[in-house]
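Here's the structure we're looking at; comments come further down.
The values are calculated or read from the model by the stated rules, or taken from the named source; none is laboratory data. Here the structure is a predicted model, which means the values were calculated and not measured. Positions of Cβ are backbone-derived with ideal geometry, glycine not excepted, and every protein chain shown enters the neighbour counts. We work out accessible area using only protein heavy atoms, side chains counted, and drop any ligands, DNA or RNA first. Shrake-Rupley method; radii C 1.70, N 1.55, O 1.52, S 1.80 Å.
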Amino acid sequence: MSEPVNAIDDVGLEGRVAIVTGGGARGFEIGNGRAAAILLARAGAAVVVVDRDADASQRTVEMIEAEGGSAVPFAADVTDESDCEALRSMVTRELGPPQVLVNNVGIGAAGTVVQTDPAVWERVMNTNVTSMYLTSRTLIPAMAEAGGGAIVNIGSISAIRPKGNTAYSTSKGAVIALTQAMAVDHAEAGIRVNAVMPGPVFTPMVNGPNMTPEVREQRKNASALRIEGSPWDIGHAVTFLASNHARYITGQALVVDGGVTLRSPER
């Protein structure tokens, strides 16, 4: 049997409009969203880098343009429906309908249900889940009119291996359910929806005062491969799922964790 046209050589991202939320990062560091934006641009997509921090978004754009890629910044809070509408309006007016949406915005929170303040719970759910609902609700009609596309939601292995961060784990479990529901709901419109579930990747978000060399080493050794995950690993997974190479994949949660979830917590 012959391969479908473009199944091997053409990743199908050249000239496509890709939106990456949470596409900024601290300074010129590389986070999951920035890595995804850069890699999508390298694959030929015109990338809209969305972030609440306009300077962070602009820095990502400058990094893409320095490599000869195409990108535009957009400052928005994707937990705000009006900001999502403004994003849709700008993209469709200036670039055309989007074919790729990467929902990357997220925050963490530690504590059990007893320890978690209701305001913290609400903020985590609003940021990690409602943001994906709002961007998808706003942009899916435009994607459908353009003939389809791909949505990639960023989850976490905390959804399937919770430990001391109940609000965060619950929100990431909801990301899996949302991904599967949207995959079914919008398949007829030619829209694939998948999730990437990072393990203990070393990103600017986790690189705080408590990230000592010893803790970083423990995180690395938690994986079966005994290597440290990087935002580029997540970005490559996102780019794959957004590409033609994943044309027969939808509704899946791709674990990218070096085998952390294969090992018992005690090992």
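For the stretch 104-240, the carbon plus sulfur part of the accessible surface works out to 57%, probe radius 1.4 Å. Within the assembled protein chains, the solvent-accessible surface assigned to ARG16 is about 70 Å², based on a 1.4 Å probe. Classify the stretch 114-171 as rounded, prolate or oblate, taking a ≥ b ≥ c as the square roots of the eigenvalues of its Cα gyration tensor: rounded when a/c is under 1.5, otherwise prolate if a/b is larger than b/c and oblate if not. Because a/c hits 1.5 or more and a/b fails to exceed b/c, the stretch 114-171 counts as oblate.
Solvent exposure of the chain amounts to 48 Å² per residue of accessible area, where only protein heavy atoms count and the probe is 1.4 Å.
Considering only LEU241, GLY173, MET205, and ranking their Cα positions along the charge dipole of the chain that arises from unit charges at the beta-carbon of Lys, Arg, Asp and Glu, the one farthest toward the positive end is GLY173.
Scalar couplings 3J(HN,Hα) for the stretch 187-197, obtained by applying the Karplus form with A = 6.51, B = -1.76, C = 1.60 to θ = phi - 60°, are 5, 5, 8, x, 9, 8, 9, 9, 10, 10, 10 Hz; x denotes Gly and Pro. For the stretch 14-24, 3J(HN,Hα) computed residue by residue from phi via the Karplus equation (6.51, -1.76, 1.60; θ = phi - 60°) reads 4, x, 7, 9, 10, 10, 10, 8, x, x, x Hz, glycine and proline entered as x. The alpha carbon gyration tensor of the stretch 33-91 gives principal lengths a ≥ b ≥ c with a/c of 1.5 or higher and a/b greater than b/c, which makes the shape prolate. Quick one: go through the stretch 221-259 and flag any residue whose amide nitrogen is under 14 Å from the point 7 Å out along the Cα-to-Cβ line of ARG42. Those under the cut-off are 230-240. With each label modelled as a point 7 angstrom along the Cα→C-beta vector, the ILE107-ALA86 pair spans 1.9 nm. Rounded to the nearest 0.05, what FRET efficiency do ARG216 and ALA189 have when you use their Cβ-Cβ distance and R0 = 35 Å? The computed FRET efficiency comes out at 0.20. Each listed q (0.09, 0.14, 0.20 Å⁻¹) maps to a log10 I(q)/I(0) for the stretch 103-227 from the Debye sum over equal C-alpha point scatterers, namely -0.31, -0.69, -1.12.
Taking only the C-alpha atoms, wrap a convex hull around the chain and report its volume per residue in Å³ as a whole number.
140
Only Cα pairs under 8 Å and 6+ residues apart enter the sum, and on that basis the relative contact order of the chain stands at 20 percent.
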